[in-house]
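*Asks:* Next up is a structure, given as structure tokens.
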Amino acid sequence: MDFKLTEEQLMIQDVARRIAQDKIAPSAEHHDATGEFPLDNIRTLGENGLMGIEVPAEYGGAGMDPISYVLAMIEIAAADAAHSTIMSVNNSLFCNGILKYGTEEQKQLYVRAIAEGREIGAFALTEPQSGSDATAMRCKAVKREDGTWAINGKKSWITSGPVAKYIVLFALTDPTAGARGITAFMIDTSKPGFHKGKTEPKLGIRASATCEIEFTDYVASADDVLGKEGEGFKIAMTVLDAGRIGIASQAIGIARAAYEKTLEYVRERQAFGAPIGTFQMTQAKIADMKCKLDAATLLTLRAAWQKGQFDQGGAKFSNEAAIAKLTASEAAMWIAHQAVQIHGGMGYSKEMPLERYFRDAKITEIYEGTSEIQRLVIARNETGLR
Ligand code: CAA
């Protein structure tokens, strides 16, 4: 097994680190305080290939592998988690599904605009009454005599919903067919029948805009169907497998930032006549933080490697992605918690970014499948039972 990164992987990691440090980190506090959507920075990320890292160059992307995606996500998330949320949805949930299931026209139209950073994409699965139980959706698409579809219903917690130009939407097309009665559609938010609700005020990732969206007699053409009719749930699950690698990477970025700040602090902060890093209780925390961070990173790189195999016809990576997301998100929450604790009052203060890391880390245990859903996926894969 070779742990050495390739020239290309090191290059994209370096590009991401440079943008993260020069452009994103200096304004992270401002974006967190105001919740202002970082459109300029997102455009910069797009211009540098970071909005379509795995998208082939013929569709406007960087044409790199899933490991490159993980490395770049970690750098951006370490500077600001909200930026990495927007990046993750564009890369994984939006571009990935269209690349795998879309027609040539859909790839040219939708993937190119998002991969080049000209537009923002979103993914609409969750509804007010249907989160983890994703097949319980009520948003309906009804086929009309002329072959077009009339879409009606609500979706909630839509990341980038307030700013998205295009959305991958999942709607019920056959209420009698369970998971096989769901179809995916490409939505253009500038068309009639699309409405967005108020932006949600959130605990963390505050600059990543989130809202409810509603469809009232929105008309989708037959060409707007993504994949085949009835294939939507499978598309959503396949795309979420990839998305979970993105969220695991985001969690690692947040955890690394909290860990690095803590290392600096324990070397400098004096108590009882010595740096607090010399105390065994602090040392135990540092060692556990480092072990969890490394374990999360290696499991996420393994999932990314497996996704690369899957993209070339190899085995599925659902289990590896769930293991990575579960481990990394719980590590991020634990590490951010310990970082705040070690910093004491300074950890609780808005003068330092520790409390932001703590708030931002929490979402990684919730979206793209809660920790409970990751455990369910892993246990089902391991036991073969349902
Ligand atoms: N890949 C491909 N197909 C899959 C799959 C996968 N990973 N997982 C399931 N399927 C298929 C099954 O094979 C089955 O197909 P058939 O009907 O052909 O047999 C079908 O999907 C139904 O599968 P299940 O019976 O396992 O479905 P279930 O109802 O038991 O649900 C679940 C499974 C794992 C709980 C799933 O509903 C799930 O992952 N829930 C969580 C949803 C989620 O992650 N939501 C996040 C919202 S998006 C978000 O957060 C984005 C954001 O804003 C950042």
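*Asks:* Applying the Karplus parametrisation 6.51 cos²θ - 1.76 cosθ + 1.60 with θ = phi - 60° to the phi angles of the stretch 141-149, what ³J(HN,Hα) value in whole Hz is obtained for each residue in order, glycine and proline being reported as x?
*Replies:* 10, 10, 6, 9, 4, 7, x, 7, 10
*Asks:* Also, I was wondering about something else. Picking from Leu376, Leu71, Leu299, which is most flexible by a Gaussian network model of the chain using Cα springs under 10 Å?
*Replies:* Leu376
*Asks:* Right, here's the next one. State the extension gain, in nm to one decimal, for the chain segment bounded by Lys140 and Ala33, taking 0.36 nm per residue of separation less the distance between their alpha-carbons.
*Replies:* 34.8 nm
*Asks:* Students often forget the sequence filter, so: which lysines lie under 22 Å Cα-Cα from Lys316 once same-chain residues fewer than 8 apart are removed?
*Replies:* Cα-Cα hits under 22 Å: Lys100, Lys228, Lys234, Lys307, Lys325.
*Asks:* Which of Arg17, Arg206, Arg267 moves the most in a Gaussian network model of the chain with Cα springs under 10 Å?
*Replies:* Most flexible of the set in this elastic network: Arg267.
*Asks:* Using DSSP loop states and a limit of at most 12 other Cβ atoms within 10 Å to flag GluC sites (Glu not before Pro), what is the longest stretch of the chain containing no flagged site?
*Replies:* Looking at the chain, 146-350 is the longest stretch - no exposed GluC sites (Glu not before Pro) with at most 12 other Cβ atoms within 10 Å.
*Asks:* Let's test this: bin the Cα-Cα distances of the stretch 233-383 at 10 Å from zero up to the farthest pair and state each bin's percent.
*Replies:* Pair shares across the bins are 12, 37, 27, 15, 7, 1, 0.
*Asks:* For Gly161, what residues show an amide H to amide H distance below 5 Å, using hydrogens built from the backbone and excluding near sequence neighbours?
*Replies:* Amide H to amide H, under 5 Å and 5 or more residues apart or across chains, Gly161 pairs with Cys211.
*Asks:* Scan the chain and report its longest stretch carrying no chymotrypsin sites (Phe, Trp or Tyr not before Pro) that are both in a DSSP loop and have at most 11 other Cβ atoms within 10 Å.
*Replies:* Result, exposed sites excluded: 4-271.
*Asks:* Starting from the Kirkwood radius over alpha-carbon pairs of the stretch 46-164, derive D by Stokes-Einstein at 25 °C in a medium of 0.890 mPa s and give it in µm² s⁻¹.
*Replies:* Answer, rounded: 159 µm²/s.
*Asks:* While we're looking at this one, here's another question. Can you compute 3J(HN,Hα) from phi for each residue in the stretch 218-231, using the Karplus curve 6.51 cos²θ - 1.76 cosθ + 1.60 with θ = phi - 60°, rounded to whole Hz and x for Gly and Pro?
*Replies:* Once rounded to whole Hz, the list reads 5, 9, 10, 7, 4, 6, 7, 6, 9, x, 9, 4, x, 9.
*Asks:* Once you place label points 7 Å from the Cα toward the Cβ at Ala57 and Thr383, how far apart are they in nm?
*Replies:* Distance between the two pseudo-spin positions: 5.0 nm.
*Asks:* Give me the distance in nm between label points sitting 7 Å out from Cα along the Cα-to-Cβ direction at Ala287 and Gln309, one decimal.
*Replies:* Distance between the two pseudo-spin positions: 3.4 nm.
*Asks:* What's the center-to-center distance, using Cα atoms, between the stretch 309-333 and the stretch 336-379 in Å?
*Replies:* 19
*Asks:* Take the alpha carbon atoms of the stretch 56-120, find their center, do the same for the stretch 224-297, and report the distance between the two centers in whole angstrom.
*Replies:* That distance is 21 Å.
*Asks:* Please identify the DSSP H helices in the chain that span no less than 30 Å along the helix axis (Cα) and have a mean Kyte-Doolittle hydropathy of -1.0 or more.
*Replies:* Result, helices passing both filters: 232-268, 280-311, 318-343.
*Asks:* Once the cut-off is 40 Å, how many percent of the Cα-Cα pairs in the chain end up in the long-distance tail?
*Replies:* Within the chain, distances greater than 40 Å cover 14 percent of Cα pairs.
All of the numbers you see were taken from the coordinates with simple rules; none came from a lab. Model, not experiment: these values are computed from the prediction. Please note: Cβ atoms are built from the backbone with ideal geometry, for glycine as well, and neighbour counts cover all protein chains shown.
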